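Presented below is the structure to which this report refers.
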Amino acid sequence: MPRKILKPRERRSLPDPHFKYGSVLVSRFINRINFEGKKSLAERLIESAFGMIKEKTKEDPLVVFNRAMENAKPLVEVKPAVSAARPIRSPCRSARNAGRALAMRWIIHFAREKTGKPFPARLAEEILAASRKEGSAIKKREDTHRMADANKAFAHYRW
């Protein structure tokens, strides 16, 4: 029994005040791109990618980015469960933040996987493709939905 009264932590993310886009989602995206603690480099990469998006689409890059995140976010995911000493994959709804985290992870992963262009160009292409419901991140989302649909017989194993 703790002697101190435990208070629930406030888990409110604030946008980075130094970055020009005042969005929590963009701040989390920057932190996810962050490599070896070089946050200023990650901010420059995002800034140049957003500049390329603005050139190509002639609209606000924040709107395109939010649309891409919504399109790439999975609605369901499969989680491992054990039934009769046999591992199965049981579908369940993904939480809002978990879906966003997966969308960010997929977009960054597929942008890093491409070759031949600098990273900001690859990232801009992947964000634009996701905003148009195309690209590798959307394919990964569809594969996840297809896997959950194939395993819907095991949905009652999640509790």
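The values are calculated or read from the model by the stated rules, or taken from the named source; none is laboratory data. Since we're looking at a predicted model, the values are computed, not measured. Reconstructed Cβ throughout: ideal geometry from the backbone, glycine too, with neighbour counts over all protein chains shown. We work out accessible area using only protein heavy atoms, side chains counted, and drop any ligands, DNA or RNA first. Shrake-Rupley method; radii C 1.70, N 1.55, O 1.52, S 1.80 Å.
Miscellaneous remarks
- Any hit, the stretch 86-104, residues being closer than 17 Å to Thr144 by Cβ, open to solvent by 80 Å² or more (accessible area, probe 1.4 Å), in contact with a strand residue (DSSP E or B) (Cβ under 8 Å, 6 or more places away or on another chain) and modelled with pLDDT of 85 or more: no
- Whichever residue in the stretch 110-140 is in a helix (DSSP H, G or I) and of a type in the set (Gly, Ala, Ser) and, among such residues, is nearest to Arg67 (Cα to Cα): Ser131
- Test: residue in the stretch 78-98 that is closer than 18 Å to Ser27 by Cα and among the small types (Gly, Ala, Ser): yes
- Checking each residue in the stretch 81-99 for being under 14 Å from the mean Cα position of the chain (by Cα) and over 15 Å from Ile138 (Cβ atoms) picks out Ser94, Ala95, Arg96, Asn97, Ala98.
- Selection count where residues are touching a residue at least 60 places away in the same chain (Cβ under 8 Å) and either closer than 30 Å to Phe35 by Cβ or touching a Leu at 6+ places or on another chain (Cβ under 8 Å) (or both), scope the stretch 76-100: 4
- Here Ala121 clears all of (1) out of contact with any Gly (no Cβ under 7 Å at 6 or more places or on another chain); (2) buried (at least 17 other Cβ atoms within 10 Å of the Cβ); (3) modelled with pLDDT of 95 or more except the condition numbered (2).
- Near pairs, Cβ below 8 angstrom, 6+ apart or cross-chain, from the stretch 134-156 (closer than 13 Å to Gly99 by Cα) to any residue that is open to solvent by 80 Å² or more (accessible area, probe 1.4 Å) and outside any helix (DSSP H, G or I): His145/Leu75
- Among all residues of the stretch 107-130, there is none that is charged (D, E, K, R), under 13 Å from the mean Cα position of the chain (by Cα) and closer than 29 Å to Ala153 by Cβ.
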